[in-house]
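**Q** Once you've had a glance at the structure underneath, I'll fire off some questions.
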Amino acid sequence: MIHRNKGKRLNRYAEDYVVFDLETTGINKERDAIIEISAIKVQNHEVTDEFSTLVNPGRHIPAGATAVNGITDDMVKDAPDIKTAMEDFWDFIGDYVLVGHNIHTFDTNFIYDAALNFLGKELKNDYVDTLYMARRCLPELSHHRLVDVAEHFGIQTEGAHRALFDCMMNQGCYEAMGKLLKTQAENNSGEEESACPVCGCELVLRKGRFGMFYGCSGFPGCRYTRNVR
C-alpha cells in the first residue's frame, strides 16, 4: 500500500480556499492519468481567480472515460503535458486549503503522485472533502454524490463531469454547507466540540481498553484523544 504524506483532512469550513477537480482516464491511481485540472480560488466567499487546463496524457483516452467526461484524444493533442500542467496548478494553489468532492481517496492521491513524480514535491495542503461534509450536514439524503448535494440546494447540475463546472457547482455546495455547520454549531453550543483541536478532523466516539473515548478521525496522522466527560 502506498503511503502518501498528505496534508490534514479538515472537518470545518475555511473562508479562503481553492476548489479543485480532475478528470482522468480511469480510477486506478497507479495506472491511469490526469486529462483535465480545474480550480477556482475563493476569498471571503467570493471567487477571485480560476484555473483550467486539459492535459495530454501521452496515451489513448479510453472510450469509457470519454463517455463520462466528453474528453477525447483530439481535444488533448495540443494540451500541455502533466509536468507543465502541474507546475501551473502548483503555483495557483499556493498554501490554500483545498476543497473538493471525494478528494480524500481520489483527487488528492492523483495530484499528490503527479506532484511527487513530476515536480519532486509533496502536496502538504490541508483539505476539506465535501463528501464527508455532506454526510455530516445532510444525513437525510440517501446519496451524497455532488449532483445530489447540488440538487438539494437548488444548484444547477447541467454540465457536470467537466472539471471547471464541477468546481463551480461544488463551491456553491460548500458555501451552503458552511452556513449549515455554523447554524449547527450555534444550536449545539452547549455540547462537546466535535472537531479535533489539533488538526480539525472530526472526533469520533470509540471503545478502548478502558472504556469509551473520543479519537481523531485523522488517525494515524493525528493521535489526539479525549476522555468522555
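The values are calculated or read from the model by the stated rules, or taken from the named source; none is laboratory data. All values reported here derive from a predicted model rather than from experimental measurement. Quick reminder, even Gly has a Cβ in these numbers, built from the backbone with ideal geometry, and neighbours come from all protein chains shown. Calculation scope for accessible area: heavy atoms of the full protein, side chains included, ligands and nucleic acids excluded. Shrake-Rupley method; radii C 1.70, N 1.55, O 1.52, S 1.80 Å.
**Q** Amide H neighbours of H101 under 5 Å, at least 5 residues apart or on other chains, H built in the peptide plane: list them.
**A** Excluding prolines and chain starts, which carry no amide H, the hits are T130.
**Q** Longest segment of the chain with no GluC sites (Glu not before Pro) in a DSSP loop having at most 14 other Cβ atoms within 10 Å?
**A** 31-121
**Q** Is region 9-62 rounded, prolate or oblate when judged by the Cα gyration tensor, a ≥ b ≥ c being the square roots of its eigenvalues, rounded requiring a/c under 1.5 and prolate requiring a/b larger than b/c?
**A** Cα axes put region 9-62 in the oblate bin.
**Q** Calculate how large, on average over all directions, the projected area of the Cα convex hull of the chain is; give the answer in nm² to one decimal.
**A** Convex hull of Cα atoms, orientation-averaged projection: 14.0 nm².
**Q** Calculate, in nm to one decimal, what M212 and E122 gain on full extension: separation in residues at 0.36 nm each, minus their alpha carbon distance.
**A** Result for the pair: 28.8 nm of gain on full extension.
**Q** Once you order the gyration tensor axes a ≥ b ≥ c over the Cα atoms, which shape class does region 73-139 get: rounded for a/c under 1.5, otherwise prolate or oblate by comparing a/b with b/c?
**A** Prolate.
**Q** Can I ask one more? Just to verify a number: FRET efficiency for D81 and T183, C-beta to C-beta distance, R0 = 45 Å, to 0.05?
**A** For R0 = 45 Å, the calculated efficiency reads 0.50.
**Q** Under a point spin-label approximation (7 Å from Cα along Cα-to-Cβ), what is the E50-F219 distance to one decimal in nm?
**A** The modelled label-to-label distance comes out at 4.2 nm.
**Q** Could you compute the FRET efficiency for N227 and N102, with r as their C-beta to C-beta distance and R0 at 22 Å, rounded to 0.05?
**A** Using R0 = 22 Å, I get an efficiency of 0.10.
**Q** Relative to the longest principal Cα axis of the chain, at what angle does helix 82-93 sit, 0 to 90 degrees, rounded to 10?
**A** 40
**Q** To continue, here is another question. Measure off 7 Å from each Cα along the Cα-to-Cβ vector at D113 and E30, then give the distance between these two points in nanometres to one decimal.
**A** With each label placed 7 Å out from Cα toward Cβ, I get 0.9 nm.
**Q** Distance between the C-alpha centers of region 123-144 and region 41-85? Whole Å please.
**A** Rounded to whole Å, the Cα centres lie 24 Å apart.
**Q** Expressed as a whole percentage, what fraction of the accessible surface of region 102-215 belongs to carbon and sulfur atoms when a 1.4 Å probe is rolled over the protein heavy atoms?
**A** Percent of accessible area from carbon and sulfur atoms in region 102-215: 51.
**Q** Sum up the charges of everything whose Cβ sits under 9 Å from the Cβ of N44, counting Lys and Arg as +1 and Asp and Glu as -1, but leave N44 out.
**A** Charge balance in the 9 Å sphere: -3.
**Q** May I ask for the longest run of the chain untouched by chymotrypsin sites (Phe, Trp or Tyr not before Pro) that are loop-located per DSSP and have at most 16 neighbouring C-beta atoms (other than their own) within 10 Å?
**A** Longest run free of exposed loop sites: 1-152.
**Q** Moving to a separate point now. Just to check I understand the Karplus step: with θ = phi - 60° and J = 6.51 cos²θ - 1.76 cosθ + 1.60, what whole-Hz values come out for region 21-30, glycine and proline as x?
**A** Computed from phi, the couplings for region 21-30 are 8, 10, 10, 9, 7, x, 9, 8, 5, 8 Hz.
**Q** Going by alpha carbons, how many degrees (0 to 90, nearest 10) lie between the helix axis of 163-187 and the longest principal axis of the chain?
**A** With rounding to tens, the tilt is 10 degrees.
**Q** May I pose another question? Residues of the chain: accessible area per residue at 1.4 Å, in Å²?
**A** 53
**Q** Can you give me the long-range amide H partners of L10? Hydrogens built in the peptide plane at 1.01 Å from N, cutoff under 5 Å, separation of 5 or more residues or another chain.
**A** Long-range HN contacts for L10: Y127, V128, D129.
**Q** Calculate how steeply helix 108-119 sits against the longest principal axis of the alpha-carbon atoms of the chain, using the helix alpha-carbon long axis, and give the answer as 0 to 90 degrees to the nearest 10.
**A** Result, in degrees: 50.
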